[in-house]
Amino acid sequence: MLALTELLGAPVYDPSGVSGRVREVAMRPQEDPVHLAALIVKTRAGDRMLPFTSVISINEGIRTAKPMAEWPSPAEAEGLFFLERDLLDQQIIDVHGRKVVRVNDVDLQQETNNSHVALKVSGVDVGARGAVRRLLKGLMPNSALRLLVQNIPAREIPWDFVDLIETDPARRVKLKISHKRLAQLHPADIADIIEELAPDEREAVFETLDEGVAAEALEEIHPKLQASIVESLDSERAADIVEEMDPDAAADLLNELPQETSEEILGEMNPEEREEVAELLEFKEDTAAGRMTTEYLALPPEAKVRDAVEMLRHFEGGIETVSTVYLVDKDGKLVGAVPLSKLVLANTDDALLPLSMEPLISVHAGADEKEVAELFDKYNLLTLPVVDDQGRLTGVITSDDIISLLRRKL
């Protein structure tokens, strides 16, 4: 094992003797996300790049069989990721610990490949060991420093659990940096991580996340911060993400944005999603209609269990709304609500109407937030249907909407 701090400044020997010292260490993550690609060496003739494939030993200095005259200039290199410049002291995402941490040092592991030596990044040091090593480097012999830091507990994150943050779009594309590991976390964990980042870092993360993942994470973020993130994105990218959000959450978000920005995003959205969200934007946010989603399960009163099961199979709305199937007549009036638990226990040929809950609880579209919250509390509801003056079903409020409402009040 070797630390990046120990490698930096190490002497480099070509066949003729000392050629220089290591100034920087580079990777090409788009080609190999683990192994070092080259060393940038400071020489009397200026900086030179020594490919790691030419290194034959790293014991008490770096040794190579390749004459310095054959080392190219670093300016000729494309797509390099520098460990000192781009990693030390930088914030990274620890996807295992689900948090943002700062890099104090980089741990390298030596491998022997035929007559050459290879180094790969095994992890990053985010604890006191790396900080002390860097602080005391040059003030005592390497051997004494190595013994000293061995007594400090290690805080290392394996390289497999590291997600890099690159704020420069051009370099991000060139280095093929994405956030696939981050995307595998729960949306609430992604939201917590994003809230720890600086504004430009948040934007960089959202630019690489899949639209569906970005939408789920965005719904978990505080509304004011949601608006800030969306405003930092171009309208086309923002529209792609907003389209994947639940309509009620998308409407709430657009309400937080300046009208001009909101209209630009709506203009970029697909017609179907735009119509759903625009309809919700007409309602006041602090009313039942302003809290509802237009994605719900509804069937005619004469439908059977098999019809409900088939609808569930093809439903693309949020999972929060599948707890209840609503029954509406030919005029759109709400006449029943069948809980998912009764569907599971019923036969496929059973009619839905006899399975309806009693009493049938609903709320008027113009009811205020307090009345909505009281109904959820009184009847222990998972969903609450919203009806208009004629009793027609216009949307559904889900329990997560009430949780979000209560969080805003805190």
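Please go through the range 58-95 and write out the GluC sites (Glu not before Pro) that DSSP classes as loop and that have at most 13 other C-beta atoms within 10 Å. Write out the running numbers ahead of the final one.
Details: sites: Glu60, Glu70, Glu76, Glu78, Glu84; in loops: Glu60, Glu78.
For GluC sites (Glu not before Pro) across the range 58-95 that sit outside H, G, I, E and B with at most 13 neighbouring Cβ atoms in 10 Å, the list reads Glu60, Glu78.
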The range 259-355: trypsin sites (Lys or Arg not before Pro) in DSSP coil with no more than 10 other Cβ atoms inside 10 Å: Lys330
For the range 262-390, accessible area per residue (1.4 Å probe, heavy atoms of protein chains only), Å²: 56
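Fully extended, how many nm does the chain gain between Glu302 and Leu135 (0.36 nm per residue separation, minus their Cα-Cα distance)?
Numbers: separation 167, 0.36 × 167 = 60.12 nm, distance 7.64 nm.
Taking Glu302 through Leu135 to full extension adds about 52.5 nm, to one decimal.
Can you work out the accessible area per residue across the range 1-97, with the rest of the protein chains kept in place, probe 1.4 Å, in square angstrom?
Numbers: 4480 Å² over 97 residues.
In whole numbers, the range 1-97 has 46 Å² accessible per residue.
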Carbon and sulfur %, accessible surface of the range 150-268 computed with the full protein complex present, 1.4 Å: 43
Under 20 Å from the Cα of Lys342 - lysines, other chains or at least 8 residues apart: Lys304
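Can you list the equivalent-ellipsoid semi-axes of the range 71-188, largest first and in whole Å, using the square root of 5 times each Cα gyration tensor eigenvalue?
Numbers: eigenvalues 134, 95, 42 Å².
Three semi-axes, in Å: 26, 22, 14.
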Spatially proximal aspartates and glutamates relative to Lys42 (Cα-Cα < 14 Å; intrachain offsets below 8 disregarded): Asp14, Glu24
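Please work out the Kirkwood hydrodynamic radius for the range 269-410, using every pair of different C-alpha atoms, and report it in angstroms with one decimal place. Write out the running numbers ahead of the final one.
Details: mean 1/r = 0.0641 Å⁻¹.
Hydrodynamic radius (Kirkwood, Cα pairs) of the range 269-410 is 15.6 Å.
So what is the relative contact order of the range 165-294, in percent, for Cα pairs below 8 Å that sit 6 or more residues apart? Spell out each step's value before the answer.
Details: 133 pairs, mean separation 26.2, N = 130.
In percent, rounded to a whole number, it is 20.
Can you pull the percent of the range 293-410's accessible area that's carbon plus sulfur, 1.4 Å probe, other chains left in place? Could the numbers behind the result be given before it?
Values: 3560 of 6620 Å².
Answer for the range 293-410 is 54 percent, counting heavy atoms of protein chains only.
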Angle in degrees between helix 211-220 and the longest Cα principal axis of the chain, rounded to the nearest 10: 70
Along principal axes, Cα extents of the chain, largest first, whole Å: 92, 45, 39
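Output the Kirkwood hydrodynamic radius of the range 1-159, Cα pairs only, in Å rounded to one decimal. Walk me through the numbers before you get to the answer.
Details: mean 1/r = 0.0616 Å⁻¹.
Hydrodynamic radius (Kirkwood, Cα pairs) of the range 1-159 is 16.2 Å.
The values are calculated or read from the model by the stated rules, or taken from the named source; none is laboratory data. Owing to the predicted nature of the structure, the values given are computational and were not obtained by experimental measurement. Because the Cβ atoms are built from the backbone with ideal geometry, glycine has one as well, and the counts that use them run over all protein chains shown. When the accessible area is computed, the model is the full protein with side chains, heavy atoms only, and any ligands, DNA or RNA have been set aside. Shrake-Rupley method; radii C 1.70, N 1.55, O 1.52, S 1.80 Å.
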